[in-house]
Every structure is written in C-alpha cells, then in structure tokens.
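Participant: Let me begin by handing over the structure; questions about it come next.
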Amino acid sequence: EGPTPEAGNGAAVFREADLISVTGLNPDLFFDRIYDNTLNGLISDIVEIEGPVREDVLARRIARAHGWARTGSQICKRVVRLAKNRFPITSEDVGLFFWPDKIDVGVWTTFRKPVENEVRPVDEIALPELIALARELRLRGLDGEDAIVAMAHETGLQKLRTTSRERLERAWRE
C-alpha cells in the first residue's frame, strides 16, 4: 500500500496535516468527555494524512493546534487513549505508531520525502517506511556506507548521529 506520489515528479512527499483552519478548538474543554468528538476528528485528520505517525508526535501536533507550547504527559495520555480506540498500532523501539485505516499495518511501499528544506527525524518514521527507502536505494545500486548516508540525506538530515545511524542500518538490513 502506501501513499500516492505527488503529481509531476513521481516522488511521494510527506506533508503535515493542515490544522490551521480547524475551528471549534477549545483548550479549556480538552480533558472533558464532551470534547472527545473534536479530538477524535483531529486525531483522524493527522493519522490519515501523516500516518503512520508516532504517538508523541500525534500528541504534540494536537497540543500545538490548541496553542500549547508544551505537550505534557496528561495531554499525551488523552490523545493516545483516544487514538488506540480508533486506529491500528504497531510498537517499535522508538514508540507506538498509529496507522491510517486503509493501510496494511506494517506494510509500506514508498518513502515520503520531506518537503524541501525540512527534516523528517529518523526516529519519527515508522520502520516499514524506512525499509521502503532502503529498497529504493538498493534498486539504485547503492550499498554499505553510501546507502546509509543516502538514506540520511533523503530524510533531510545534515548530520548523521549514532541513534539515527543505528535505525537506518536496521532498516537497511531488513
């Protein structure tokens, strides 16, 4: 399965859900049950557009939409509890990932490049998507260190740190 390519260049692009135009957000009601439908709508918008999306990234995006600079543990717990009732989940060493409804969990065929001048942190990308990137680069004839460096470049990283390297190497091996 996976995302559909962008028109024009054939490459899939990762875009964040546009939450600026969402109306009816009320930080004062965030923890009330009557606000569940509003939060479920936001969660659905984000997961369907950005998914697979890591749990804390999902919570952070919803916190920012409500005007909060920080995402506390209570906010995260509330968002994750609602998302678990709605979307398929995979667990990785970096956290839980919520998957869009119409995607086979764990199956992903295309890497979504970040928009120009943006970075997709490696630990925020589900392993099946990184494996899809490794597959693409292998088809281009890359191997070894060149492949790992190319994977880092494709995610927008300027500097390859140890934890990112280990995750990219794991995707390459799988």
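Participant: Looking at ALA65, ILE75, VAL119, which one has the Cα that reaches farthest to the positive end of the dipole of the chain (charges on Cβ: Lys, Arg +1; Asp, Glu -1)?
Facilitator: The Cα lying farthest towards the positive end belongs to ILE75.
Participant: Same structure again: Round to a whole number: what % of the accessible area of segment 87-174 belongs to carbon and sulfur, probe 1.4 Å?
Facilitator: 48 percent
Participant: If you don't mind, another one. Counting heavy atoms of the protein chains only and a 1.4 Å probe, report the per residue accessible area for segment 51-174 as a whole number of Å².
Facilitator: Per residue, segment 51-174 has 53 Å² of solvent-accessible surface.
Participant: Among (i) 1.27; (ii) 1.70; (iii) 1.08, find the value of Cα Rg over 2.2 N^0.38 Å that was calculated from the structure presented, and write down its label.
Facilitator: (iii)
Participant: Now a separate question. Please find, in a Gaussian network model of the chain (springs between Cα atoms separated by less than 10 Å), the residue of SER44, SER73, SER164 whose mean-square fluctuation is greatest.
Facilitator: Comparing SER44, SER73, SER164 in the GNM, the peak value goes to SER73.
Participant: On to the next question. Among ALA11, GLN158, ASN26, which residue has its Cα furthest toward the positive end of the charge dipole of the chain, with +1 on Lys/Arg Cβ and -1 on Asp/Glu Cβ?
Facilitator: Projecting each Cα onto the dipole axis, the largest value belongs to ASN26.
Participant: Compute, for segment 50-174, the length of the dipole vector about the Cα centre, with Cβ point charges of +1 (Lys, Arg) and -1 (Asp, Glu) only. Units Debye, rounded to 20.
Facilitator: Roughly 640 debye for segment 50-174.
Participant: Also: Which helices, taking whole DSSP H runs in the chain, have alpha carbons extending 15 angstrom or more along the helix axis plus mean Kyte-Doolittle at least -1.0?
Facilitator: Correct list, ordered by number: 36-50, 55-65, 73-84, 127-139, 144-155.
The values are calculated or read from the model by the stated rules, or taken from the named source; none is laboratory data. In this text, all values refer to a predicted model and were calculated from it rather than measured experimentally. Using ideal geometry, Cβ is built from the backbone for each residue, glycine included, and neighbour counts are taken over all protein chains shown. Note: areas computed on protein heavy atoms with side chains; ligands, DNA, RNA excluded. Shrake-Rupley method; radii C 1.70, N 1.55, O 1.52, S 1.80 Å.
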